[in-house]
Structure formats: C-alpha cells, structure tokens
Amino acid sequence: MVRKIFLLISLFLIKGTIYAQSYSLSDLEALFLKNNYLLLAQRYNIQRVDAEVLQEKVWSNPTLSISEINLWKNTGYEELPPIFGNYGKAQQVSIELEQLIETAGKRKKRVALKNLEKNDALLEYEELLRQLKKELRQGFYKVERLATEEIQLQTVITLYEELQKQYASQVQKQNVSQADFYRIQSELVALQREAMALESDKLEALSALRILTQLSDLNSKDLMFDRSMTFKLSSLPKDMMAMALEQNIGLKRQENASQSAEKRFVLERAMRKPDVTVQLGYDRGGNIMRDFVGLGAQIDLPIFNRNKGNIKAAQFEIEQEKSVGLSVRAELESTLMRLQSQLHSYERMLQRWDKERIMDQEKMWISYNKHLQSRQITLLEFIDFTQAYKEAQQSQAELLEDYKSTYEELQYIVGKEF
C-alpha cells in the first residue's frame, strides 16, 4: 500500500514537472521570433518584392500578327505556287513579328528602382522586428511591475481582512467604536477594488504577450522575473549619437526613400526618349512580289508629350524627401537626448531606493502593526502609514518599470542593443 502511494506521488510530481513551464524574457523572445504572424507576413512581402525585381529584368514579349488570310477566291486571282500538295494556289497571308526595344536604359533604371523598393521592404521588416521586440520587453516589464504590486497589495489586504475580523469581534464586545470598524471596512473595500483594477491591467498586458508569442495560456505565474535592480547606464556607448545616425531604422528608411526619389527622377528623364519597335514581316501574294520579306521600325515622335510634368513632379519629390530627411534627423537627435536625460534621472532616483531603506520600511510596517495591536497608535495613524507604505512601494515598482522601458526605447531609437 505504501509503495502504491509512493508511486502515485511520484507520477504527480513527474506530471507537474512535465507540464509546468517557466519562461524568461529570452524564452519569450525566441518564441516571438518563431511564431509571430506579423513577422511571417512581412517575410512574404519581401519575397513578393523580390519577385517583382525579377519581373522587371525580363524583356517585353514579341508580338506576332497574322492577317490578310482569304477564306475564298474570286475569278480574278493570280495563281501562286502551292503551299503543300495542290493547296494554296490562291491563298494569301501576311505575317508580322514585332519587338519593343526600350531606349535610354529604361529597363535597368526600373530594376534599380525596384531594388530600392526591396531594400525598403527589408528595412520595414527590420523596423517591425525591433518595434515588436520592444513591445514584448516593455510588456514583460509591465507584467513584472503589476505582479509585484499585486503581491504587495495582497499583503496589505490580508492584514486588513484580519483587522476587520478583530474589530468586528471587538465592536460586539463594545471595546472599539463602530466608526473604527467602518474605517477598516471602507479601506478594505478600496484595497479590493484596487486589486481588481491591477488584475485587469495585468490581464491586458498578458494578452499582448500572448499575441506576440502565440502562447494562448500564458500566465504571470509562468514568467521568471529578475527582481534585482541592475543599472545598465555603464553599458551605454559613448558615441551614441553617431551610432544612432548610422543605425536608426527610421533614418535608414528615409535615406532609402530619398534614393528612390532620385532614381524615379532619372527614370522620368529617360522616359522623354521614345522607344523603338522593330518589325519583321512576310507577305504572300499581297504585293508585287509573291513572297515578300521586309523590315520596319516604329517610333513615337516626341512633339506633344516630352514627359515634362512627370519630370517636374519627380524633382519636387526629391526636394520633399530632403526636407523630410532633415526633420527625421532633428527629431531623432532631440528624442535621443531626451531619453538619455530620462534614463539618468531614473537611475539617480532608483539608487536612493537602496535595500537598507526598503528593509527599514518593512520593519516599520511590522512595528506599526504591533503598535496598533497594543494601541500605542491610533487607527487613523495606522491607515495613513499603510497608505504611504503602499504608495511608496508602487512608486518604486513604477519607477523601475519606467527605467527598463526607457532603456528599451533608447535601444530601439539607436538601432542597436547595448
């Protein structure tokens, strides 16, 4: 019997080991790269543009025309040599083959423009990847903060639930006033409502993580958090501005857009020159020669349309992209300076929240509870302290989340992980 119980316990432990899965931030990032549907869809967009580049490289198809075929003959026909057997003595036919030849290197210029579109698709994929990875990390930090606040809040709620029971008993014995009991009850209700709001925020943050990683049953208990307050300012590169000007994905896309505008201008200028259509024709019985083979060419005369409007529009697009590029660069420099300043401010504030001060707060929390039990402090003093203690803990958790999120924002802006 003992052996059977031992086996059952072992099976439950093994089952729990198999199905219990803990995810660190790096684990979630690996699942995100593997399963995210937006990234998969963007990869298809790159392949689509790659196929369009291949299509631009091919020549236009030649055109084959067959005409002047007579279905019957009249009395005044001229007899021709038969085509095969006795058939074809009165058969007329005209065959023409045409091939469009583009001038001024238009095809190569379109290929160059398509290559820039492909480059933009690659940059768009990289931007999406960085953006979603930043959202994943910031979402992880938000769940971490909410889980921490939830634990701290539950500790306070548990204490007030015990106080409510004690004061309910003391009210019946008329040892405490009914007003004090109502104060305890009101504070407990407010704390419970706050806990419900925290739970709602946590579910919303978890929903974002589930979408990004495709883990439909992900829970905050499945996540492994790093509770240590590690500061990363020492790892920031000194030449951050130069690195951002070189690596920032928004600036890269804007530079690519400027190059595309220049390539479009070159293509529109090339469109001024008309293309040539080369013709090779064969005519049987339709000319003074019974079997006539001739060459020809067709070209548009650039009299009314020299593509001036499109060339002018392309010039304006170049100037527009230059102005947008200057705006993007100015915004990048301003944002980078702001994020660096915020990060330094957050670190200075977090360093004040040393472990000794946190331990002192916890000791005061225990001490105030004892003083309330021994009636050395009033209930209002205890409520004020618990509210201040709870707000201080929340402020620390929010500040740490802001620090980590700003660090991720800085990495995204610079375009490189430090």
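The values are calculated or read from the model by the stated rules, or taken from the named source; none is laboratory data. These figures come from a predicted structure and were not determined experimentally. Ideal geometry is used to build each Cβ from the backbone, glycine not excepted, and the neighbour counts take in all protein chains shown. Areas reflect the complete protein model, heavy atoms only, side chains present, ligands, DNA and RNA absent. Shrake-Rupley method; radii C 1.70, N 1.55, O 1.52, S 1.80 Å.
Computed values, structure above
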quantity: Three-way shape label, segment 68-190, alpha-carbon gyration tensor, a/c 1.5; calculated: prolate
quantity: Proximal lysines relative to Lys133, as straight alpha-carbon distance under 25 Å, when same-chain residues fewer than 8 apart are discounted; calculated: Lys34, Lys118, Lys142, Lys202, Lys221, Lys232, Lys238, Lys252, Lys404, Lys416
quantity: Projected label distance in nm at Asp239 and Ala30, using a 7 Å step from Cα toward the beta-carbon; calculated: 3.4
quantity: Förster radius 51 Å - calculated FRET efficiency between Met196 and Lys312 (Cβ-Cβ, nearest 0.05); calculated: 0.25
quantity: Ordering of 72-79, 108-115 by burial proxy (mean other Cβ atoms within 10 Å per residue, highest first); calculated: 108-115, 72-79
quantity: Principal axis dimensions, largest first and in whole angstrom, of segment 126-269 by Cα; calculated: 97, 35, 29
quantity: Heavy-atom accessible area per residue - the chain, 1.4 Å, Å²; calculated: 63
quantity: Signed unit charges on C-beta, dipole axis of the chain, positive-most listed residue Thr386, Val49, Val328; calculated: Val49
quantity: Accessible surface of the chain, 1.4 Å probe, proportion on carbon and sulfur as whole %; calculated: 55
quantity: Added length on full extension, which subtracts the Cα-Cα distance from 0.36 nm per residue, Lys370 to Gln154; calculated: 75.9 nm
quantity: Prolate/oblate/rounded label for segment 259-358 (Cα gyration tensor, a/c 1.5); calculated: prolate
quantity: Whether the chain is rounded, prolate or oblate, judged on the alpha carbon gyration tensor where a/c under 1.5 counts as rounded; calculated: prolate
quantity: Listed residues Leu80, Leu116, Leu25, most fluctuating in the chain (Gaussian network, C-alpha, under 10 Å); calculated: Leu80
